[in-house]
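Report on the following structure.
The values are calculated or read from the model by the stated rules, or taken from the named source; none is laboratory data. As the structure is a computational prediction, the values presented were derived from the model and not from experiment. Cβ placement follows ideal geometry from the backbone for every residue including glycine, while neighbour counts extend to all protein chains displayed. Ligands, DNA and RNA are excluded from the accessible area calculation, which covers all protein heavy atoms including side chains. Shrake-Rupley method; radii C 1.70, N 1.55, O 1.52, S 1.80 Å.
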Amino acid sequence: MALSKLPLSTIFFLLCTSLFTISQALSSKIAVAQIKDQQDNEPFVGINIGVDVSNLMSATELVSLLQFQKVTHIRLYDADPDMLKALAKTKIRVIISVPNNQLLAIGSSNATAASWIGKNVVAYYPQTVISAIAVGDEVLTTVPSSAPLLVPAIESLYSALVAANLHNLIKISTPHSASIILDPFPPSQAFFNQSWSSVMQPLLQFLSKTGSPLMMNLYPYYVFMQNKGVVPLENSLFKPLTPSKEMVDPNTLLHYTNVLDAMVDAAYYSMKNFNFTDVAVLVTESGWPSKGDSKEPYATIDNADTYNSNMIKHVLDRSGTPLHPEITSSVYLYELFNEDLRSPPVSEANWGLFYANATPVYLLHVSGSGTFLANDTTNQTYCIVMDGVDSKTLQAALDWACGPGQANCSEIQPGENCYQPNNVKNHASYAFDSYYQKEGRAAGSCDFKGVAMITTTDPSHGSCIFPGSKKITNKTRTVVNTTTPSNAAGGSRLISFRSSRISAMDKALQAFLTIIFSILLHIPFVVS
C-alpha cells in the first residue's frame, strides 16, 4: 500500500517506532564508544594495595575508601575473595595476581590453571571487573628458579580464559623489576639481560599475539639513590629543569625531563632489540617513600608528595615519552597503605598514601587533575609557581597568563593590593592562580609548561587575597547552583572531550526528536 493512502495515525505510529529504534541504536553506539575509550585509549593512574598492615580495614570499608577517593583501577597481589566480592558492581577495574608460590602448580598443570581461573575469575566476572591477571611478581629477579615455569603458567591460564570466552576481555602478563634491563641510560642503548632471553623471547611473542602489555615496576627513587651526583633530584621528581640539566640521549638527541619517561623508553628499546614494537608498557608499580632511615635522607613526605602528585599529573596530561609522545603509559601508584609489618629498611613500610585507619600520610596536590585521589578534602586549591624556576621562563609564562590566557592581572599592577613584593615569582603566582580559577581548576590549567604546581596552602598574604580565596569566601548563587561539582573537572582532558562529544550527540538527537514530534503533533489524526 502507498504511504499516502495510510491513515496519519498509522504513519505517526510508524514514525515513532522508527525514531525509537534509531535513538536506541545511537545510544547503544555511544555507550560502546565510551566503554572502548575507557578500555583502550585513556591513560589512567591506578593504585597497588598491599596488605602487610596492622588492623587492616575490612574489604567493604576498603572499597568504600577507594570509591570516596575516586580510584578506578587497582592491583591486588593475590585474588582475595572478600575483596573481589566487595568490588562487585563498583566498576573499579582490578588486576588480580597469581602469587609466586603458586607458579609451580599452575605452570605444571593445565587442570590447575583452569581451576584457578574458574575459582578466581569466572566466579566473579563480570560483576567484578577483572581487567588483567598478573602472573607472579618480579619472578626473574626474586625467584629465578621458577623462571622456566613463568611462560607455561601464563599460557595455561590464557587457555583457560579462552575456554571461558574471556580471553579478549582480560589480559595476562607478568610484572618485571627494572633490573632486567641493562644499560638503561641512554634509553636507546638499553637491552634485556641476555641470561633471560629464553624467557623474554616467548613472553614477548605471547604479549604481542594477545595484545597484552609488558608490565614493569619502575622506581625513579632507586635510580636516583644509586646514581646520586649523576641523576638530578629534580629530574627524578618531575620538577622543571634548565636545558643544561636535562638528560639527552646522544644517539637520538631526545631530551628527557624526567627519569620515569627514560625508564619507560628503555623498556621500549629493549623490546625493539627483540624485534617487538607492538607491545605497550604498563607501569605496574611506581612511587616514592615518605620516610626512611639515616641512609635514606631523600625519603621524605615532601619528596613523596612531589613525585606522586607530579607523576599523576604527567599521566593524566597524556604527554607520552620522548620516544613515543603518542603513547602514555598508565601507572599503578605504589601504594595505598603504609605497610607497617614490612621488614627493614624503614622506607619499606612507608610508601603508602594512607595509614591503616584511612588517615592521609600527606595530602597530594592533584585536585586540578580531577577528583582522583584528591585526599585534600578541603577542596581549596591554588596554582602557584614551583620553586627553582628561572626568572626568564617565569616572565614568559606570566606574559602568557596575563595576555592570551586572559587572567585578571589587575591586582598585580603598581599600587594595587598584590603588587608587593614586586618580583616576577609573586606576580606569576597570582596570575597563574587567576587563570587556574577562571578555568574552573580544570585538568592541565595549572601547568604553564611545567613551572606551576597545585597547592592546598592559601598563598594570600596581608591585603593580597588570591583569586582562589576570593572564590571560597564570596561564592555566588551561580557557583553554588552549578550542575558540575567544583571538584569534578574530569579525570583527564580525554574524559572531558569524550563527555562533550557524547553530550553533543545526545543533544543533537534530542533536538531532532523534538522537531519531528512537534511537526507530527500539529498534524490532525485521521481515524479510519
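Can you name every one of the helices (runs of 4 or more DSSP H) wholly within region 201-279 that holds 2 or more residues which are more than 30 Å from V151 (Cα to Cα)? Full working, then the answer.
Values: elements: 220-226, 233-236, 259-272.
Fully inside region 201-279 and qualifying: 220-226, 233-236.
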Test: E138 is farther than 29 Å from L260 by Cα and either touching a Phe, Trp or Tyr at 6+ places or on another chain (Cβ under 6 Å) or touching a residue at least 24 places away in the same chain (Cβ under 8 Å) (or both): no
So is P344 closer than 21 Å to F185 by Cβ and either hydroxyl-bearing (S, T, Y) or surrounded by fewer than 16 Cβ atoms within 10 Å (Cβ to Cβ) (or both) or not? no
Matching residues, region 84-115, being open to solvent by less than 10 Å² (accessible area, probe 1.4 Å) and either under 21 Å from L56 (Cβ atoms) or aromatic (F, W, Y) (or both): L84, L87, I92, V94, I95, I96, S97
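Across region 334-358, which residue is farthest from Q69 (Cα to Cα) among those that are part of a loop (DSSP other than H, G, I, E, B) and of a type in the set (D, E, K, R)? Spell out how you get there, then give the answer.
First pass over region 334-358, keeping only residues part of a loop (DSSP other than H, G, I, E, B): 334-336, 338-345, 350-353, 355-358.
So of that shortlist, the ones also of a type in the set (D, E, K, R) come out as 335, 339-340, 342.
Working: E335: 14, E339: 19, D340: 22, R342: 25 Å.
Result: R342.
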Please work out if L182 is touching a strand residue (DSSP E or B) at 6+ places or on another chain (Cβ under 7 Å) and free of Cβ contacts under 8 Å to residues at least 24 places away in the same chain. yes
Go through region 132-152 and give me each residue that's open to solvent by less than 10 Å² (accessible area, probe 1.4 Å) and over 18 Å from P213 (Cα atoms). A147
Contact list, first residue from region 448-462 and farther than 22 Å from Q395 by Cα and among the charged types (D, E, K, R), second anywhere and modelled with pLDDT of 85 or more and open to solvent by less than 20 Å² (accessible area, probe 1.4 Å), beta-carbon distance below 7 Å, six or more apart or interchain, is D458/F466
Return the residues of region 56-80 that are outside any helix (DSSP H, G or I) and polar (S, T, N, Q); say none if nothing qualifies. S58, Q69, T72
Complete set of residues in region 284-318 that are among the small types (G, A, S) and crowded, with 17+ Cβ neighbours inside 10 Å: S286, G287, S290, G292, A299, A304, S309
Only one of (1) surrounded by fewer than 14 Cβ atoms within 10 Å (Cβ to Cβ); (2) modelled with pLDDT of 90 or more; (3) more than 30 Å from S159 (Cα to Cα) is not met by L56, so which one is it? (1)
Unmet criterion (only one of (1) modelled with pLDDT of 75 or more; (2) at positive phi; (3) buried (at least 16 other Cβ atoms within 10 Å of the Cβ)) for I465: (2)
Any idea how many residues of region 153-167 are in contact with a Leu (Cβ under 9 Å, 6 or more places away or on another chain) and surrounded by fewer than 22 Cβ atoms within 10 Å (Cβ to Cβ)? 1
Scanning region 190-202 for residues that are more than 19 Å from D265 (Cα to Cα) and in contact with a helix residue (DSSP H, G or I) (Cβ under 6 Å, 6 or more places away or on another chain), which turns out surrounded by the fewest Cβ atoms within 10 Å (Cβ to Cβ)? P202
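Yes or no, residue by residue, for (1) in contact with a Lys or Arg (Cβ under 6 Å, 6 or more places away or on another chain); (2) farther than 24 Å from G46 by Cα; (3) in a helix (DSSP H, G or I):
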| position | (1), (2), (3) |
| --- | --- |
| D82 | no, no, yes |
| A111 | no, yes, yes |
| G118 | no, yes, yes |
| S131 | yes, no, no |
Only one of M263, M247, M215 is more than 26 Å from Y362 (Cα to Cα), open to solvent by less than 20 Å² (accessible area, probe 1.4 Å) and either touching a Ser or Thr at 6+ places or on another chain (Cβ under 6 Å) or not β-branched (V, I, T) (or both); which? M215
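With the structure loaded, tell me whether A280 is in contact (Cβ under 8 Å) with a residue 24 or more places away in the chain and within 20 Å of P186 (Cβ to Cβ) or whether it fails that test.
So A280 fails the test.
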